[in-house]
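Colleague: First the structure, then my questions, so here it is.
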Amino acid sequence: TFALMYLPFFAAYGAAEYAGYLAGTQAFAQRMRPVYGLFLFGGAAAFALAAGLQQPLGVPRLLVAAVFLVGVARLLMSRRFRWYAGLELAVLAGLACWPGFDGVFMNGFKLGPNTQMSTASHRKKDQGETAYAGWGKYAYLEILHLQMGGRPSYMGFYNDCNMWQFFPLIFGEGSPADYWRSFRVPPRDRVPFWLLPKQHGSVALIGSGGGREVLECRLAGAERILALELEPGVVQAIQGPLAEDFDRVYSEPPVEVRTGDARGYLERHPEKFDLIMLMSVGSYPQLMLEPGNMIRTIEAFRLLVDHVAPGGSLVIGYDSYLDKEGVLLSQYNQTLRQLGLETYACNQGGGRGGSYLLIAFRSDGTPEQNARRDRARVELAKGAEFVPGEALEVADFHPITDDRPYLAGNIRNVLSEDDLRIMGGKLGGVVVLVGLVLVVLLRHGLARHEGPVRQTVILGLGVLVGANFMLLEYLCVIHLFRYLFIYYDALILAMVAFLTVSGLGSFLVPARALVGTVAAALGFAALYWWGSADWGGLTAALLLVPLVLVTGLFFPVLFEQWPAGRLALFAMDAVGAAAGGLVAFFVPMLFGLRAYATVALTVFLLTGLAMLLFLWRRAPRVMGTKSGQELALTR
């Protein structure tokens, strides 16, 4: 449903792009390079604006705005005004201004009441009513007010997926005992009371969500509570219109709330904590669209261990239905043991409502700290089943690293490696089939037109250029991902930078310098491969700049040299981009980020060498000398 809903949008986008190229080259005396540069600059601006406007406007309105701009462009290109085109723009403007548009649009993607994690299920089962709805930085947020057995609570949903629940205090609850007696709480909710010291206790909560663990740590007497939450929209809602409903959980001492990436924050701050808690971090289903989760690799766990105070504890909890065989639980357990911590694990409940709890602690605890841990184990045994030690062992154990972070996320149990291979094979087969059909059709149509080289050669160049564009673009994304740790942020920054720099390449590199520029970029590609693993993120990123600059030249050079085959070239470039997109999606998850970098750089080298041969063969025309045709590259 999701793909079919967006298919017309993508088809319209491709048609509008090609029409824009034709109109642009006509306006620029058949020169494609300035047109392509403007197109790339527009793409960079679109990504930047979409990221900045998503929270205040929402994704549906941004999509309407994109279609509206296409309509405006069509009007500008037409020779006379047509009333129905104006009516279309008026309807689109009305949709964008309609206050209920977000909700109606998002309802089209929501799951039914039979899906337990959906908003519809909890509206029906728990008399849920909307307390808040709006766009955050990363997702569409909904917070429902529920009545569960007479106990009021709030439940947070990201894109219609239940992610957290908060139980506010009710009259007379002023201590942990009062809080626990008023309703049935699972053992995981008592962890702060058992493990935190009675005085001067400090805790870091990674993925604090709606503030459930924050409130529990306050009740347990913690004097320092650092709440790290990735989604700023949640914190803004709970600090703003829902502050009183959520007991001002994020608004009063001793709570310090930080929005953003937890791993990056801990790398910048040396503070140590008596207790670090990761509850349900990385279980968000949208991670299936990303190369992985950078908070559960061995490098991330090593950072967390370094921030655990002497004798302190590290607690990981998540729903057991996301890890039915306990594969991730065993992986996390052995990783933490390899890093020098002692561990034990339990499973509270079972089936859909069960949850794992992994408790890891330093062995250098004081008698008081050891007593607290012993008490926690005794209390957990009253409501949870301990996982046997042999069940936590992994044969032929290999820690999950930053190079393959997909293996560290709960979503690997929804979309396994075998599933990925099958999906990749099917989609790859479709792309190959479409490409072969297009080659047959395009060669037949172009038989009457003479090209700069053989038709199969230039069609193959089109595929290489399209694939290289996608692969190099995504190489910039994963390079930033390894240093920013948030995929969405890396995606936006890399796309804006890539499109801007490649646009500059299309604009600024003089025709006479094409061969030398491409040759130099090939050298920088080899240098990046040789040194990027050991150099700092910024230094290695700078080596990608010449590659990106040159990538902006490839397509417009071919487009200008084959006026009769522009549509064919555009089509094969799209096929190459589709193939590159598939490789960019599957290779990082299946083989790792380093393997993907190898593939991307190899394709760039092949594309660069092929373009060098093309440029040398076509030198008089490409360089714009007097012997060139009127469509040759000139400044």
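The values are calculated or read from the model by the stated rules, or taken from the named source; none is laboratory data. Please read these numbers as outputs of a predicted model, since none were measured by experiment. Here the Cβ is made from the backbone with ideal geometry for all residues, glycine too, and neighbour counts use every protein chain on show.
Colleague: Does the range 485-500 include one or more residues that are of a type in the set (Val, Ile, Thr), farther than 27 Å from Pro34 by Cβ and assigned to a loop (DSSP other than H, G, I, E, B)?
Modeller: yes
Colleague: Tally time: how many residues in the range 83-110 are within 23 Å of the chain's Cα centre (by Cα), farther than 12 Å from Leu63 by Cβ and charged (D, E, K, R)?
Modeller: Here the count works out to 1.
Colleague: For residues that are modelled with pLDDT of 90 or more and assigned to a helix (DSSP H, G or I), tally how many sit in the range 88-100.
Modeller: Matching residues across the range 88-100 total 9.
Colleague: Okay, next question. Suppose we keep only residues that are among the charged types (D, E, K, R) and within 22 Å of the chain's Cα centre (by Cα) within the range 418-436. Which one would you say is farthest from Gly581 (Cα to Cα)?
Modeller: Asp418
Colleague: Now for a different question. Check whether at least one residue in the range 131-144 is surrounded by fewer than 16 Cβ atoms within 10 Å (Cβ to Cβ), in a strand (DSSP E or B) and at pLDDT 85 or above, and report yes or no.
Modeller: No.
Colleague: Restrict the check to the range 548-569 and report whether at least one residue is among the aromatic types (Phe, Trp, Tyr), surrounded by fewer than 18 Cβ atoms within 10 Å (Cβ to Cβ) and either at pLDDT 90 or above or not in a helix (DSSP H, G or I) (or both).
Modeller: Checked against the condition, which is being among the aromatic types (Phe, Trp, Tyr), surrounded by fewer than 18 Cβ atoms within 10 Å (Cβ to Cβ) and either at pLDDT 90 or above or not in a helix (DSSP H, G or I) (or both), the range 548-569 yields no hits at all.
Colleague: Let me ask something else about it. Hey, could you check the range 495-530 for residues that are at pLDDT below 85 and touching a Ser or Thr at 6+ places or on another chain (Cβ under 8 Å) and say which is farthest from Leu484 (Cα to Cα)?
Modeller: Ala511
Colleague: State all residues of the range 25-71 that are touching a residue at least 60 places away in the same chain (Cβ under 8 Å), within 25 Å of Trp562 (Cα to Cα) and not in a helix (DSSP H, G or I); if no residue qualifies, say none.
Modeller: Within the range 25-71, Gln30, Arg31 qualify.
Here is a yes/no grid of residues against (1) surrounded by fewer than 21 Cβ atoms within 10 Å (Cβ to Cβ); (2) out of contact with any Asp or Glu (no Cβ under 7 Å at 6 or more places or on another chain); (3) not aliphatic (A, V, I, L, M):
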| site | (1), (2), (3) |
| --- | --- |
| His200 | yes, no, yes |
| Ser208 | no, no, yes |
| Gly211 | no, yes, yes |
| Leu215 | no, no, no |
| Arg224 | yes, yes, yes |
| Glu229 | no, yes, yes |
| Ala237 | no, yes, no |
| Ala243 | yes, yes, no |
| Phe246 | no, yes, yes |
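Colleague: Within the range 509-526, how many residues turn out to be free of Cβ contacts under 8 Å to residues at least 60 places away in the same chain and outside any helix (DSSP H, G or I)?
Modeller: Selection size over the range 509-526: 1.
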